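Colleague: So that we are looking at the same thing, I have put the structure below in structure tokens.
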Amino acid sequence: MNEGAIDPKSFLASLFDAAVAAADPSRVIERYLPPVPKGRTIVVGAGKGVAQLARALEAVWPGPLEGTVVTRYGYGTPCSHIEVLEASHPVPDLNGLAASARLFKRVRDLTPDDLVVALVCGGGSALLPAPPQGFDLSDEIALNEQLLKSGAPISVMNPIRRRFSIIKGGRLAAAAYPAKVVSLVVSDIPGDMLWDVASGPTIPAGEGDINLATTLEAYRIVLPERTRDHIINCAHTPSPDDARFRENETHLVASARLSLEAAAETAREHGVDAVILSDEVEGEARDAGLFHAALALEASRRDRPFRKPVVLLSGGETTVTVRSPGKGGRNTEFLLSLAIKIAGFDNIHAIAADTDGIDGTEDNAGAFADSTTVSRLRQAGIDPRDALTRNDTWTAFNALGDLFVPGPTGTNVNDFRAIVIL
């Protein structure tokens, strides 16, 4: 196949669409429904795609239900019986604090005949602030800001968040006891460690004696002494062996792995072979960009380790260590790093985008890049290496008109990356 046989941008966008469709809650949620209880059905939840999950649940639930979920501003979807609240992401705010209190109120005074259905997806950690006794919202905001700047992966951030919370780490499920809690999870976590999705408000992590002092030092996470002491010395989060969780269930309803498999099938329908590299890519976004570029270049030059035409797919969640106050996100950072490496190779095209529709704090999910990205940036008066150094990658791709802006997708299975070599 030659490059003219397909339009690279349209092809890559279709792969993203296939990945998102595979995580569409309306298509997947029904198979995981528990039986209708004798008593009440209470729905609680949090995350950037939770309103769509709630609406999908309402459409297929065969009995009465009520409840509250909280999502990011602008991500709400009207529901008939489930209250949808909105709050700030990625930094918590007062509306998130009120939402946490509202969820606790929903699960108060339940009985063994009642059922709690917890809808959990990525973004819930910021949307459910609930600082420990003796602290307030400003303390949790400061903690989140430091974590976001640190470049730490989600598997490092969320144990810290759980220690500084009265709702995370299974504590919301503990408050619902003796009602049974069934958690339906859309995973944005590499490896699908479900207790890390939204920091696990209904799923205990069982972290034991994890040494968070070493973690804070390793990632240079500087916190006020009171906050640091609480995180290091506070009582452990609830154990999975706690009797209050014995009857609970947890189900993975969508994940990056399933979405990548759907994208691979779509590529093959277009006559392009597909290789899934991993759904667990972590680390610095710019480093991941270099590694993916190296594989693409090897395929382009030598037809190894994969023969072209081929599309390389990967998922997971990279990080960005913020060094300068530029505009950007992990996907545009990944792409600019990759673009610098593949400059001049006309048969390589790429997309990187967050499946929830938002990369960083702007309105784009990610962007497109190819062999001309670097030369076009220079023509626009932008030094690509300087933009990368200043974490100003959104500005760079915006200047080229290469941002990818699908809008909120209603789901979140983390980052999607596709590199096609024609």
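The values are calculated or read from the model by the stated rules, or taken from the named source; none is laboratory data. Small disclaimer: the values here were computed from a predicted structure and weren't measured. Don't worry about glycine lacking a Cβ; one is built from the backbone with ideal geometry, like all the others, and counts go over all protein chains shown. For accessibility, only protein heavy atoms count, side chains too; no ligands or nucleic acids. Shrake-Rupley method; radii C 1.70, N 1.55, O 1.52, S 1.80 Å.
Colleague: Which order do the peptides 339-352, 5-18 come out in when sorted by mean C-beta neighbours inside 10 angstrom, highest first?
Modeller: Final packing ranking: 339-352, 5-18.
Colleague: Please tell me the relative contact order of the stretch 283-376 in percent, rounded to the nearest whole number, where contacts are Cα pairs under 8 Å and at least six residues apart.
Modeller: Dividing the mean separation by the residue count of the stretch 283-376 yields 30 percent.
Colleague: Something else now. Pairs of alpha-carbon atoms within less than 8 angstrom and 6+ residues apart define the contacts here; what relative contact order does the chain have, in percent?
Modeller: 18
Colleague: Here's a follow-up. Which residues' amide hydrogens lie under 5 Å from the amide hydrogen of Val70, considering only partners 5 or more residues apart or on another chain, with H built in the peptide plane?
Modeller: Gly45, Ala46, Gly47, Leu85
Colleague: Listed highest first by mean packing, meaning other Cβ atoms within 10 Å per residue, what order do 88-98, 54-64, 240-250 come in?
Modeller: 88-98, 54-64, 240-250
Colleague: Would you work out the charge dipole size for the stretch 114-201 about its Cα centre, treating the Cβ of every Lys and Arg as +1 and the Cβ of every Asp and Glu as -1, and quote it to the nearest 20 debye?
Modeller: Once rounded to the nearest 20, the dipole reads 180 debye.
Colleague: Net charge near Asp139: determine it from the other residues with C-beta under 13 Å of the C-beta of Asp139, scoring Lys and Arg +1 and Asp and Glu -1.
Modeller: My count for the surroundings of Asp139 gives -1.
Colleague: Among the DSSP beta bridges whose two residues both lie in the chain, what percent are antiparallel, rounded to the nearest 5?
Modeller: Restricted to the chain, the bridges split so that about 35 percent are antiparallel.
Colleague: Rounded to the nearest 0.05, what FRET efficiency do Ala59 and Ser10 give with R0 = 35 Å and r taken as the Cβ-Cβ distance? Could you check?
Modeller: With a Förster radius of 35 Å, E is 0.65.
Colleague: From largest accessible area down, sort Arg286, Arg163, Arg220; use a 1.4 Å probe on the protein chains.
Modeller: Reading off the accessible areas and sorting them downward yields Arg220, Arg286, Arg163.
Colleague: Can you work out ³J(HN,Hα) from phi for every residue in the stretch 177-185, in order, using Karplus 6.51 cos²θ - 1.76 cosθ + 1.60 and θ = phi - 60°, giving whole Hz and x for Gly and Pro?
Modeller: Each residue's phi maps through the Karplus curve to give 4, x, 5, 6, 10, 10, 9, 10, 10 Hz.
Colleague: Right, next: Which percent, to the nearest 5, of DSSP beta bridges fully inside the stretch 1-144 are antiparallel?
Modeller: 0
Colleague: Place a +1 charge on the Cβ of each Lys and Arg in the stretch 195-295 and a -1 charge on the Cβ of each Asp and Glu, then give the dipole magnitude about the Cα centre in debye, rounded to the nearest 20.
Modeller: Taking the Cα centre of the stretch 195-295 as origin, the dipole is about 280 debye.
Colleague: Below 8 Å, C-alpha to C-alpha, sequence gap of six or more: please give me the relative contact order for the stretch 1-65 in percent.
Modeller: Relative contact order comes out at 40 percent.
Colleague: Between 0 and 90 degrees, rounded to the nearest ten: what's the tilt of helix 154-163 against the longest Cα principal axis of the chain?
Modeller: Once rounded, one gets 20 degrees.
Colleague: If the chain between Thr111 and Asp273 were fully stretched, how many nm would it gain, using 0.36 nm times the residue separation less the Cα-Cα distance?
Modeller: Contour length minus the Cα-Cα distance gives 53.0 nm.
Colleague: Using θ = phi - 60° and the Karplus curve 6.51 cos²θ - 1.76 cosθ + 1.60, what whole-Hz ³J(HN,Hα) does each residue of the stretch 413-422 get, with Gly and Pro shown as x?
Modeller: 10, 6, 6, 10, 10, 9, 10, 9, 10, 9
Colleague: Taking the 0 to 90 degree range and rounding to the nearest ten, how far is the long axis of helix 8-22 tilted relative to the main principal axis of the chain, both from C-alpha atoms?
Modeller: The angle comes out near 20 degrees.
Colleague: Count the net charge of all other residues whose Cβ sits under 14 Å from the Cβ of Arg301, scoring Lys and Arg as +1 and Asp and Glu as -1.
Modeller: That works out to +2.
Colleague: Related question: List the lysines whose alpha-carbon lies under 23 Å from that of Lys105, not counting same-chain residues fewer than 8 positions away?
Modeller: Output for Lys105: Lys38, Lys48, Lys168, Lys180.
Colleague: Follow-up question, since we're still on this one. I'd like the orientation of helix 137-150 relative to the chain: the angle between its Cα long axis and the longest Cα principal axis, in ° from 0 to 90, rounded to 10.
Modeller: Approximately 30 degrees, to the nearest 10.
Colleague: Select one label from [x] 31; [y] 26; [z] 37: the one whose number is percent of Cα pairs over 34 Å apart as derived from the coordinates shown.
Modeller: Answer label, from the structure shown: [x].
Colleague: At 7 Å along the Cα-to-beta-carbon direction for both Arg31 and Asp303, put a label point, then send me their distance in nm to one decimal.
Modeller: 3.8
Colleague: Kindly work out what percent of the DSSP beta bridges joining two residues of the stretch 272-368 are antiparallel, to the nearest 5.
Modeller: 30
Colleague: When the C-alpha atoms of the stretch 153-235 are aligned to their principal axes, what extent does each axis show, in angstrom, from largest down?
Modeller: Reported extents, whole Å, longest axis first: 38, 27, 19.
Colleague: If amide hydrogens are placed 1.01 Å from N in the peptide plane, which non-local residues have theirs closer than 5 Å to the one on Ala367?
Modeller: Correct list: Ala352, Phe404.
Colleague: Let me ask something else about it. Calculate one ³J(HN,Hα) per residue across the stretch 239-247 by plugging θ = phi - 60° into the Karplus curve 6.51 cos²θ - 1.76 cosθ + 1.60, and present them in order as whole Hz with x for glycine and proline.
Modeller: 8, x, 7, 4, 4, 5, 9, 4, 8
Colleague: Sticking with this one: Net charge around Arg72, counting only other residues with Cβ within less than 9 Å of its Cβ (Lys, Arg = +1; Asp, Glu = -1)?
Modeller: -1
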